[in-house]
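Input: a single structure, listed below in structure tokens.
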Amino acid sequence: MRANHAITLHIAKSASYFMKPCGGVHTRAPTNSRGTEVAVTSFVVFFEGAQNMQTFSMSGAFGRGRAALQTRLTLRGPRAYADTHAVALSLLEGGEQRSAHDLPRRALDLGAGRGELSTSLAARGYAVTAVERYPAQFEAQVPLVDADLNEPFPFVDASFDTTMAIEILEHLENPRRFLRELARVLRPNGVAIVSTPNLTSLLSRFLFAASGQWDLFFNHAWRLRDPYSSLVHGHITPVTRWLLEHHARDAGFVVEGRAYSSSYLPGVPWQLNPLPSGAMFGRILLLRLRKCSG
């Protein structure tokens, strides 16, 4: 803090003031009252600010910045990769079997996050119920249920026409049990859209060959633990496409369609990414599943 005191002393001298060692800042009588009083006040404020700077720490500044960023990401940032929600809605609409005279269809949005997908479904005429374990972030104007998706769903059998499970499967302990619950709460012939990271993309294959870890699955606490809530897991359950489809068929579904989100190129915004989507480059795999009617 020597530099700060030197600067303070220089300002004092230039204003024709001096410091006395009596616990504060003193001045001799000003020669011109108004302008000098302003100079005195400015100097005292500056000196007190310099003293307060002694309590500043880089760790404290970084801590405050990290807390602000966490709030931003938790409450305002995206909770699904790139265009995953848009792809999910397109996949759902491709499997719709409804007429203009149908009643509003009942949709269940599982792991709803901030509620963007719930809002989009409601705008399309669905009667939406959302499930989110971390409700503090939820903003959609639809009914919300706080439930642990590792446990049986708190809904009766055949209570929904559509279920959406977007970027949730990788957070769960038992995907087979989860898919059986999806089938239970769907009416016969109902549709489920589920997603999981695309473990067989070229990027994921390269990362596994180089490090033994997949894209979006790596051995770090930030990925293994949810950064915002201790009530949910991070990415703990990698599932390939062929294995997910096997689990779905065992749960009573027919696999009707597949789609992929935009690709991922480190450091490049997804809107500007020149790589194509599809099985080789798409970052998120999405399936359209239909519950068998029999």
Would it be correct to say that ARG223 is open to solvent by 20 Å² or more (accessible area, probe 1.4 Å) and modelled with pLDDT of 90 or more? no
Can you name every residue in segment 253-289 that is open to solvent by less than 30 Å² (accessible area, probe 1.4 Å) and either free of Cβ contacts under 8 Å to residues at least 12 places away in the same chain or farther than 16 Å from ILE166 by Cα (or both)? PHE253, SER263, ASN273, GLY278
Reported set for segment 196-229 where residues are among the polar types (S, T, N, Q), part of a loop (DSSP other than H, G, I, E, B) and farther than 20 Å from PHE178 by Cα is THR200, SER201, GLN213, ASN219, SER229
I'm trying to understand the selection: among the residues of segment 226-252, which are in contact (Cβ under 8 Å) with a residue 40 or more places away in the chain and open to solvent by 70 Å² or more (accessible area, probe 1.4 Å)? LEU231, ARG241, ASP250
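Condition check ((1) modelled with pLDDT of 95 or more; (2) out of contact with any Cys (no Cβ under 8 Å at 6 or more places or on another chain); (3) aliphatic (A, V, I, L, M)) across all residues:
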{"site": "LEU69", "(1), (2), (3)": "no, yes, yes"}
{"site": "ARG79", "(1), (2), (3)": "no, yes, no"}
{"site": "ARG106", "(1), (2), (3)": "yes, yes, no"}
{"site": "GLY113", "(1), (2), (3)": "no, yes, no"}
{"site": "ALA123", "(1), (2), (3)": "yes, yes, yes"}
{"site": "VAL128", "(1), (2), (3)": "yes, yes, yes"}
Go through segment 142-157 and give me each residue that's in contact (Cβ under 8 Å) with a residue 24 or more places away in the chain, loosely packed, with under 15 Cβ neighbours inside 10 Å and farther than 22 Å from HIS233 by Cβ. VAL156, ASP157
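Each row is one residue, and each column tells you yes or no for (1) out of contact with any strand residue (DSSP E or B) (no Cβ under 9 Å at 6 or more places or on another chain); (2) among the aromatic types (Phe, Trp, Tyr).
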position	(1), (2)
ASP109	no, no
LEU121	no, no
GLN141	yes, no
PHE155	no, yes
ALA165	no, no
ARG180	yes, no
ALA192	no, no
THR196	no, no
Has segment 254-266 got any residue that is at positive phi and part of a loop (DSSP other than H, G, I, E, B)? no
Condition test on ALA136, is it under 22 Å from VAL239 (Cβ atoms), in contact (Cβ under 8 Å) with a residue 24 or more places away in the chain and not in a loop (DSSP other than H, G, I, E, B)? no
Kindly establish whether ARG177 is free of Cβ contacts under 8 Å to residues at least 40 places away in the same chain, farther than 18 Å from ALA80 by Cα, open to solvent by 10 Å² or more (accessible area, probe 1.4 Å) and basic (Lys, Arg). yes
Which one of VAL128, VAL156 is of a type in the set (A, V, I, L, M) and in a loop (DSSP other than H, G, I, E, B)? VAL156
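The values are calculated or read from the model by the stated rules, or taken from the named source; none is laboratory data. These figures come from a predicted structure and were not determined experimentally. Note that each Cβ is placed from the backbone with ideal geometry, even for glycine, and that neighbours are counted across all protein chains shown. With ligands, DNA and RNA removed, areas are computed over all heavy atoms of the protein, side chains included. Shrake-Rupley method; radii C 1.70, N 1.55, O 1.52, S 1.80 Å.
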